[in-house]
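Participant: Here's a structure for you.
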Amino acid sequence: MKSVKPLLEVKNLHTHFFTKAGVVRAVDGVSFDVKPGETIGIVGESGSGKSITAMSILGLIPSPPGKIVDGEINFKGDNLLKKTEKQMRQIRGKEIAMVFQDPMTSLNPVFTVEKQMVETILAHEKVTKKQAQQRAVELLNMVGIPDPKKRLKNYPHEFSGGMRQRVMIAMALSCNPSLLIADEPTTALDVTIQAQILELFKKMQKELDMAIIMITHDLGVVSEVCDRVMVMYAGKPAEFTQTKKLFDNGRHPYTTGLMNSIPKITPNKEKLQPIKGLPPDLRSLPQGCSFAPRCNHVMASCLTNDPTLSEVDDNHFVRCLLYEQSKKAVTT
Amino acid sequence: MIKYISRRLLMLIPVLIGVSILAFSLIHLVPGDPARSILGEKATQSQLEALQEELGLNDPYYVQYGRFLGDILKGNLGESIQSKESIGVELLHKLPATIELAVFAMIVAIIVGVIAGVIAAVKQYSWFDNMSMTAALFGVSMPIFWLGLMMIWLFSVTFDILPPSGRLSTGVELHTITNFYLLDSILTGNWLAFKDSFSHLLMPGLALATIPMAIIARMTRSSMLEVMRQDYIRTANAKGLKKTLIVFQHALKNASLPVLTVIGLQFGLLLGGAVLTETIFSWPGIGRYVYLAVLGRDYPVVQSTILIIAIIFVLVNLITDILYKYLDPRIKFE
Ligand SMILES: Nc1ncnc2c1ncn2[C@@H]1O[C@H](COP(=O)(O)OP(=O)(O)OP(=O)(O)O)[C@@H](O)[C@H]1O
Ligand SMILES: [Mg+2]
């Protein structure tokens, strides 16, 4: 696993928003990598910077007020942060595609599905409109939309939520991207539909051999589809490792807190233990570890020293003072 | 679709009855005797009574109203007290004048207003945004008669490049077919008349365009700002589409819905006769026609014209609703 050259490598990414009320440190030192064909999960509470991380990769941070102030995003060896807007446009939708949370609002209501799919294909491929239409039919067929030829002529409101998400996925896949970023793609859907959509992701990944970044706050989704997971807290990675390791041997107190706060179906009804307190205000982060005020294992040093991401075990990175002393740090 | 339109047209009937009652009674509530205003202060009592009898002004109101409605249903809009001309024939000249002016003003207002609004929204808080929105603020609050007089002073009196009044210079011949002068001059291949009538149209058209232009620009801007925040715009960006395509197709089509409502409303108002503009520039349209009729207490003219204006207003509304359907596929005609 370690020898494979990463497809995407995010290094020490800092994306801040300069608002009147202060600087919002939405992403504040995120590092991770994605290997070809792999599925990486990003989990964390609302506001932890998951979407902003994704939008930073695509170069879609609204500016002003947002700005990537530091870091590198290497994709296939090139730093995306050095690319011009025109070059980024050729990468978006072609090399890196994205599926969003709410399929009800993510498609343009006044255009047919056909128009929205065809324009994506035409933006990136040298094909005729006819060929693009043909491709759109194949794509809809591939994501499991019955009667695709007829359905293409429909408007988004004529589809159900699950079907719309299938359309979104088909659209994202239209240029065979090597990386698909899915930002909570199942959150807005019914449970049964959620399972179908996750299945679809797995199937598509196998067929098209693409890497996926799956953003979610649902650990169930993570265990279902992800090879490795990054847990984010307040704009920083808390823990990054293989999914199995995280579930069996999660180290960061925030990770274990998350695990204990998901309901499990067990005969002896364990009491749920939600993480106490609220995420910090990203405009005025506490000195030291930003999780310290909510942490069950907080030590005196946590209030003054900000931990760094350290490799506590092979391919297991944790950002916590509990583990820092003995291990070498990977980022500063 | 056909069903929807015919139902909407049927719904016109009660509206028009209401308007006709209103038009009829309003004029009778205003103090002043039409017979006296026609004959002047020096008329004798017997002259007055004779004219009142002739005009049917002595009959009870419901008889007068019945006669009014009956005539209209027969397609007879009556006769002007002042000019003794058939109102229908007069409207055949006045209405095209007003429509020509309103359409020209609206085209200018839409083109300038929408483009300014889109640029202002895309470049929010830029100097262009600040400047155009300040201008728009002046635009909506500009007294038209003042603007009109300033234009005449500047372009007609000082520089003498545009004619101050009317639709056509004396001496310019135009064989009229539709009474839309621009159209007629094209139809008859009369280049001179085209240039002349266009130069007459320019000032009143621009004066009339000011307010709708300002309203459309502001509406377009706020609507675009709202739309540009939507998820589907983010999707369009994530697909790698060009910015111009996103702004002018994806965003503008969605943003145009509330703008269309404003356009319909403003257009209806302009078609209803721009009394001030038509008066300042002596434009022989229905606005000026009604204005003069009110001054002269020309009851039949006021009544018939108000009715015509109401019909136009409702028709414009209907067209707006149908256009809505083409812009927004979610709207169903039930
Ligand atoms: N345009 C903006 N201006 C200021 N702050 C912003 C802006 N966009 C995002 N933020 C802030 O950045 C932080 C991270 O946001 P982000 O959308 O990445 O969270 P998230 O992890 O995706 O949460 P969720 O699960 O709710 O989607 C939030 O605190 C948010 O308030
Ligand atoms: Mg998010």
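The values are calculated or read from the model by the stated rules, or taken from the named source; none is laboratory data. Model, not experiment: these values are computed from the prediction. In this analysis, Cβ positions are derived from the backbone assuming ideal geometry, glycine residues included, and neighbour counts consider all displayed protein chains. All accessible areas refer to the heavy atoms of the entire protein, side chains included, with ligands and DNA or RNA removed. Shrake-Rupley method; radii C 1.70, N 1.55, O 1.52, S 1.80 Å.
Participant: With Cβ to Cβ distances under 15 Å as the rule, what net charge do the other residues near A:His16 carry (K, R +1; D, E -1)?
Facilitator: Working: positive: A:Lys20, A:Arg25, A:Lys67, A:Lys236, A:Arg283; negative: A:Asp28, A:Asp70, A:Asp281.
That works out to +2.
Participant: Separate question: Hey, can you grab everything whose amide H is under 5 Å from the amide H of B:Ala274? Only 5+ residues off in sequence or another chain; H modelled, so Pro and N-termini drop out.
Facilitator: B:Gly287
Participant: Rounded, prolate or oblate: which fits segment B:68-123 when a ≥ b ≥ c are the square roots of the eigenvalues of the alpha-carbon gyration tensor, with rounded for a/c under 1.5 and prolate only if a/b beats b/c?
Facilitator: Prolate, since a/c reaches 1.5 and a/b exceeds b/c.
Participant: Just checking the output field for A:91-104: average partner chain Cβ neighbours within 10 Å of each residue's Cβ?
Facilitator: Neighbouring Cβ atoms belonging to other protein chains average 3 per residue here.
Participant: Just name one of B:Tyr299, B:Thr320, B:Gly78: the one whose Cα is farthest towards the positive end of the charge dipole of chain B (beta-carbon charges, Lys/Arg +1, Asp/Glu -1).
Facilitator: B:Thr320
Participant: Under unit Cβ charges (Lys, Arg +1; Asp, Glu -1), what dipole magnitude, rounded to 20 debye, does chain A have relative to its Cα centre?
Facilitator: Roughly 580 debye, rounded to the nearest 20.
Participant: Now, a different point. If the viscosity is 0.692 mPa s and the temperature 37 °C, what Stokes-Einstein diffusion coefficient in µm²/s follows for segment A:26-136 when Rh is the Kirkwood radius over Cα pairs?
Facilitator: The calculation lands on 201 µm²/s.
Participant: A further question follows. I'd like the FRET efficiency for B:Leu137 and A:Met299, computed as 1/(1 + (r/R0)^6) with the beta carbon distance as r and R0 of 41 Å, rounded to 0.05.
Facilitator: According to the calculation, E is roughly 0.10.
Participant: Pull up all non-local amide H partners of A:Gly41: gap of 5 or more, or a different chain, and H-to-H distance under 5 Å with H placed in the peptide plane.
Facilitator: A:Met214, A:Asp227, A:Arg228, A:Val229, A:Met230
Participant: Taking each residue of B:240-250 in turn, how many C-beta atoms of other protein chains fall within 10 Å of its C-beta, and what is the average?
Facilitator: On the way: counts 15, 9, 4, 2, 0, 2, 1, 0, 0, 5, 5.
Average per residue, whole number: 4.
Participant: State the antiparallel share, in %, of DSSP beta bridges confined to the protein assembly as shown, rounding to the nearest 5.
Facilitator: Numbers: 32 of 51 bridges.
Given both bridge residues lie in the protein assembly as shown, the antiparallel proportion sits at roughly 65 percent.
Participant: Between B:Lys84 and B:Arg8, what FRET efficiency follows from the Cβ-Cβ distance if R0 is 41 Å, with the result rounded to 0.05? Spell out each step's value before the answer.
Facilitator: Values: r = 37 Å, r/R0 = 0.91.
Calculated value: 0.65.
Participant: Might you tell me the accessible area per residue for segment B:1-82, computed with a 1.4 Å probe and given in Å²?
Facilitator: Working: 5510 Å² over 82 residues.
With the other protein chains kept in place, segment B:1-82 gives 67 Å² per residue.
Participant: Report Rg (one decimal) and Dmax (nearest whole number) for segment B:190-251, counting Cα atoms only, units Å.
Facilitator: 19.1, 54
Participant: If you average the C-alpha positions of segment B:127-162 and of segment A:103-123 separately, how far apart do those two centres end up, in angstrom?
Facilitator: 43 Å
Participant: Could you sort B:87-95, A:99-107 so that the peptide with the highest average Cβ count within 10 Å comes first and the rest follow in order?
Facilitator: A:99-107, B:87-95
Participant: Turning to a different aspect of this structure: Spelling out what I want: for every residue of segment B:235-244, take phi, set θ = phi - 60°, compute 6.51 cos²θ - 1.76 cosθ + 1.60 (Karplus), and round to whole Hz; glycine and proline get x.
Facilitator: Calculated HN-Hα couplings, in order: 4, 4, 5, 5, 7, x, 6, 5, 4, 5 Hz.
Participant: Taking chymotrypsin sites (Phe, Trp or Tyr not before Pro) as exposed when DSSP calls them loop (any state but H, G, I, E, B) and at most 16 other Cβ atoms lie within 10 Å, what is the longest stretch of chain B free of them, the sites themselves excluded?
Facilitator: Working: sites that count: B:Tyr125, B:Phe159, B:Phe333.
Free of exposed loop sites, the longest segment is B:160-332.
Participant: With all pairs of different alpha carbon atoms counted, what Kirkwood hydrodynamic radius in Å does segment B:1-156 show?
Facilitator: Working: mean 1/r = 0.0475 Å⁻¹.
One decimal place: 21.1 Å for the Kirkwood radius.
Participant: Let me ask you something else. So what's the net charge close to A:Pro279: Lys and Arg +1, Asp and Glu -1, counting the other residues with Cβ under 11 Å from its Cβ?
Facilitator: Neighbourhood net charge equals -1.
Participant: Let me ask something additional. Which of the aspartates and glutamates could a cross-linker bridge to B:Lys84, judged by Cα under 14 Å and excluding same-chain residues fewer than eight apart?
Facilitator: B:Glu54, B:Asp298
Participant: If you don't mind, another one. Classify segment A:114-186 from the C-alpha gyration tensor, please: rounded if a/c falls under 1.5, else prolate or oblate depending on whether a/b exceeds b/c.
Facilitator: oblate
Participant: What is the spin-label model distance, in nm, from A:Ser46 to A:Lys5 if the labels are put 7 Å beyond Cα along the C-beta direction?
Facilitator: With each label point 7 Å from Cα toward Cβ, the separation is 4.2 nm.
Participant: Could you tell me which of B:Leu48, B:Ala35, B:Val63 has its Cα farthest along the dipole of segment B:1-77 towards the positive end, charges placed at Cβ (Lys, Arg +1; Asp, Glu -1), taken about the Cα centre?
Facilitator: B:Val63
Participant: Under a Cβ-only charge scheme (Lys and Arg +1, Asp and Glu -1), can you give me the dipole magnitude of segment A:79-225 about the Cα centre, in debye to the nearest 20?
Facilitator: It comes to approximately 800 debye.
Participant: What is the average number of partner chain Cβ atoms found within 10 Å of a Cβ in A:107-113?
Facilitator: Mean number of neighbouring Cβ atoms from other chains: 6.
Participant: Something else about it: For A:Lys50, list the lysines whose Cα falls under 16 Å from its own Cα; do not include residues on the same chain fewer than 8 positions away.
Facilitator: Partners within reach: A:Lys11, A:Lys67, A:Lys236.
Participant: Quick one: 3J(HN,Hα) in Hz for segment B:2-14, Karplus 6.51/-1.76/1.60 with θ = phi - 60°, rounded, Gly and Pro as x.
Facilitator: Per residue, the Karplus-derived 3J(HN,Hα) values read 4, 4, 4, 5, 5, 5, 5, 5, 4, 5, 4, 4, x Hz.
Participant: Quick one: check the C-alpha center-to-center distance for segment B:208-245 versus segment B:54-86, whole angstrom.
Facilitator: Using only Cα atoms to place each centre, the spacing works out to 51 Å.
Participant: Evaluate the charge dipole of segment B:183-334 about its Cα centre and quote only its size in Debye, nearest 20, assuming +1 on the Cβ of each Lys and Arg and -1 on the Cβ of each Asp and Glu.
Facilitator: 780 debye
Participant: Here's a follow-up. Going Cα to Cα from A:Lys153, which lysines come in below 17 Å? Please leave out same-chain ones fewer than 8 positions away.
Facilitator: A:Lys115, A:Lys129, A:Lys130, B:Lys325, B:Lys332
Participant: Given B:Asn179, B:Met219, B:Pro284, which one lies farthest toward the positive end of the charge dipole of chain B, if we put +1 on the Cβ of every Lys and Arg and -1 on the Cβ of every Asp and Glu?
Facilitator: Going by the charge dipole, the pick is B:Met219.
Participant: Which value in nm describes the separation of the simple spin-label points at B:Trp146 and B:Ser282, placed 7 Å from the Cα toward the beta carbon?
Facilitator: About 2.6 nm, to one decimal.
Participant: Using the Cα gyration tensor of the protein assembly as shown, with a ≥ b ≥ c the square roots of its eigenvalues, what is the shape: rounded (a/c below 1.5), prolate (a/b larger than b/c) or oblate (neither)?
Facilitator: It comes out prolate by the Cα gyration axes.
Participant: Hey, another quick one. Place a label point 7 angstrom from the Cα of B:Ile115 along the Cα-to-Cβ direction, then list the residues of segment B:241-281 whose backbone nitrogen is under 16 Å away.
Facilitator: The answer is B:248, whose backbone nitrogens lie closer than 16 Å to the label point.
Participant: Calculate the FRET efficiency for A:Val23 and B:Leu92 from the Cβ-Cβ distance with a Förster distance of 56 Å, rounded to the nearest 0.05.
Facilitator: Calculated value: 0.20.
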